[in-house]
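Following: one structure in structure tokens, then a few remarks.
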Amino acid sequence: MQKKILITGSSGLIGSEVVLHFGNQGYDIYGIDNNMRKFFFGEKGDTSWNTERLKQLVKNFYHFNIDIRNRENIFDLFKKNEFGAVIHCAAQPSHDWAKNDPFTDFEVNAMGTLNLLEATRRFSPAAPFVFMSTNKVYGDSPNYLPLKELETRWEYANKEHYNGVDESCSIDRSKHSVFGASKVAADIMVQEYGRYFNMNTVCFRGGCLTGPQHSGVELHGFLSYLIKVAMTNGTYNIYGYKGKQVRDQIHSHDVVRAFETFINDPQPAAVYNLGGGRENSVSILECFDLIKKITGKEVNYEYKDQNREGDHICYISNLKKLKSDYPKWKITKDKETIFKEMITAELARV
């Protein structure tokens, strides 16, 4: 593989983990990040601290303050460099933000992805193209799986759904949110470049991606934001479903290991669900219990009966396809380890 790797969203949660992982292996890392997370979410979403951190930790890291919507700047960078892999993590990531500015949301998520795909096709066609997609491409289809209510969580009622949602779930005829729709457009285009141009592309449809470097805010970054609120004695807002909505948590380290596994053995137009799976699934109420178990702190919260539009009630990523195609990959960080790391990191910031 060529020594240069391009990473978009390089100062974000997953992007920065990619920088460290491959940078420490001696690759030259070209990171694109213009800190749009601050534009989306204000000062609390600012990732400039992470950019500076990466510059200090990775000597072969080169940061580019480029907007992925700017085709000319993207093409200029690709013309000057042949990349061994392209890992696309940059995005507008919030349901709630997207509805207020659908043009910017679509331009970043869909057009930005197209710019990168076409640049890769023209200038680094052999490079595996890894796209950080989302389970929101399924819209609210997972909510139509039969559920049963338990004491602390919603659970799948039928045993065939026990291991969660797989890639056969329809992305059609469902409510996605504006954000979900823009990510669908990007996801399908990544697949199409794989099929039509025979490029090695993959869509990793992420569940709750998290880790200690996450700049979580209420509009995006559920677990990071919850732990931040709990450690600063704030009040967390629960939106609907009795606080029993379930998500599977995956540490950024395990996400990056999945990227690496694909890059080492790529294929055209691959699609995989990527999350923590059944073992790392947890409801909001169960998060409160785990935080109390680790820290002794009770989480202050307010309950609002109205759920977020299109929000999943119970979502667990079925990892069977990924594990079948890449049997060496597995989850290495369980949910308690994830919580402990994030709590330690948050307390260090307080």
Just one of (1) touching a Leu at 6+ places or on another chain (Cβ under 9 Å); (2) surrounded by 14 or more Cβ atoms within 10 Å (Cβ to Cβ) trips up Leu57, so point out which. (2)
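Give segment 131-154 a look and list any residue that's acidic (Asp, Glu) and closer than 20 Å to Leu285 by Cα, or say none. Quick ask: steps written out before the conclusion?
Looking only at segment 131-154, we keep the residues that are acidic (Asp, Glu), and these are 140, 149, 151.
Within segment 131-154, Glu149, Glu151 qualify.
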Of all the residues that make up segment 293-313, how many are out of contact with any helix residue (DSSP H, G or I) (no Cβ under 7 Å at 6 or more places or on another chain), of a type outside the set (Ser, Thr, Tyr), over 22 Å from Asn135 (Cβ atoms) and surrounded by 16 or more Cβ atoms within 10 Å (Cβ to Cβ)? 0
Inside segment 113-165, can you point out the residues that are crowded, with 22+ Cβ neighbours inside 10 Å, of a type in the set (Gly, Ala, Ser) and touching a strand residue (DSSP E or B) at 6+ places or on another chain (Cβ under 8 Å)? Ala127, Ser133, Gly164
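Quick check, is Pro93 surrounded by fewer than 19 Cβ atoms within 10 Å (Cβ to Cβ), in contact (Cβ under 8 Å) with a residue 12 or more places away in the chain and part of a loop (DSSP other than H, G, I, E, B)? Let's see the steps before the verdict.
On the way: surrounded by fewer than 19 Cβ atoms within 10 Å (Cβ to Cβ): no; in contact (Cβ under 8 Å) with a residue 12 or more places away in the chain: yes; part of a loop (DSSP other than H, G, I, E, B): yes.
No.
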Determine which member of the set Val229, Val217, Val255 is touching an Asp or Glu at 6+ places or on another chain (Cβ under 9 Å), among the β-branched types (Val, Ile, Thr), crowded, with 18+ Cβ neighbours inside 10 Å and at pLDDT below 95. Val229
Within segment 45-77, residues touching a Lys or Arg at 6+ places or on another chain (Cβ under 9 Å), under 20 Å from Pro212 (Cβ atoms) and not in a loop (DSSP other than H, G, I, E, B) come out as Gly45, Ser48, Phe61
List every residue pair whose Cβ atoms lie under 9 Å apart, where the two residues are 6 or more positions apart in sequence or sit on different chains, the first residue falls within segment 201-212 and is of a type in the set (Val, Ile, Thr), and the second residue, located anywhere, is crowded, with 24+ Cβ neighbours inside 10 Å and at pLDDT below 90. Thr210/Gly221
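In segment 106-150, how many are outside any helix (DSSP H, G or I) and touching a Lys or Arg at 6+ places or on another chain (Cβ under 8 Å)? Walk me through it before giving the result.
Narrowing segment 106-150 to residues outside any helix (DSSP H, G or I): 124-134, 139-140, 145-150.
Checking the rest, the ones that are also touching a Lys or Arg at 6+ places or on another chain (Cβ under 8 Å) come to 133-134, 139-140, 149-150.
Counting residues in segment 106-150 that are outside any helix (DSSP H, G or I) and touching a Lys or Arg at 6+ places or on another chain (Cβ under 8 Å) gives 6.
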How many of the residues making up segment 39-60 are touching a residue at least 24 places away in the same chain (Cβ under 8 Å) and touching a Ser or Thr at 6+ places or on another chain (Cβ under 9 Å)? 11
Residue that is modelled with the lowest pLDDT, among those in segment 35-44 that are surrounded by fewer than 21 Cβ atoms within 10 Å (Cβ to Cβ) and not hydrophobic (A, V, I, L, M, F, W, C): Lys44
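Of the residues that sit in segment 1-21 and are free of Cβ contacts under 8 Å to residues at least 60 places away in the same chain and assigned to a helix (DSSP H, G or I), which one is surrounded by the fewest Cβ atoms within 10 Å (Cβ to Cβ)?
Step one: filter segment 1-21 for residues free of Cβ contacts under 8 Å to residues at least 60 places away in the same chain, giving 11, 19-20.
From the residues that got through so far, the ones that are assigned to a helix (DSSP H, G or I) too are 19-20.
Working: Val19: 31, Leu20: 20.
Within segment 1-21, the match that is surrounded by the fewest Cβ atoms within 10 Å (Cβ to Cβ) is Leu20.
If the requirement is being crowded, with 24+ Cβ neighbours inside 10 Å and either charged (D, E, K, R) or under 19 Å from Phe339 (Cβ atoms) (or both), which of these qualifies: Asp265, Asp248?
The match here is Asp248.
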Strands (runs of 3 or more DSSP E) within segment 231-302 that include 3 or more residues under 29 Å from Gln191 (Cβ atoms), under 21 Å from the mean Cα position of the chain (by Cα) and in contact (Cβ under 8 Å) with a residue 60 or more places away in the chain: 246-251, 270-274
Restricting the first residue to segment 134-157 and requiring it to be without any contact (Cβ under 8 Å) to a residue 24 or more places away in the chain, which pairs with a second residue that is part of a strand (DSSP E or B) and surrounded by fewer than 22 Cβ atoms within 10 Å (Cβ to Cβ) meet a Cβ separation below 9 Å and a spacing of at least six or different chains? Pro146/Tyr156; Lys148/Trp154; Lys148/Glu155; Lys148/Tyr156; Ala157/Leu147; Ala157/Lys148
Which of the residues spanning segment 22-34 are among the small types (Gly, Ala, Ser) and surrounded by fewer than 20 Cβ atoms within 10 Å (Cβ to Cβ)? Gly26
Would you point out which residue out of Ile171, Ile188 is farther than 30 Å from Glu336 by Cβ, under 20 Å from the mean Cα position of the chain (by Cα) and in a loop (DSSP other than H, G, I, E, B)? Ile171
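The values are calculated or read from the model by the stated rules, or taken from the named source; none is laboratory data. Just so it is clear, the structure is predicted and the values come from calculations on it, not from any experiment. Using ideal geometry, Cβ is built from the backbone for each residue, glycine included, and neighbour counts are taken over all protein chains shown.
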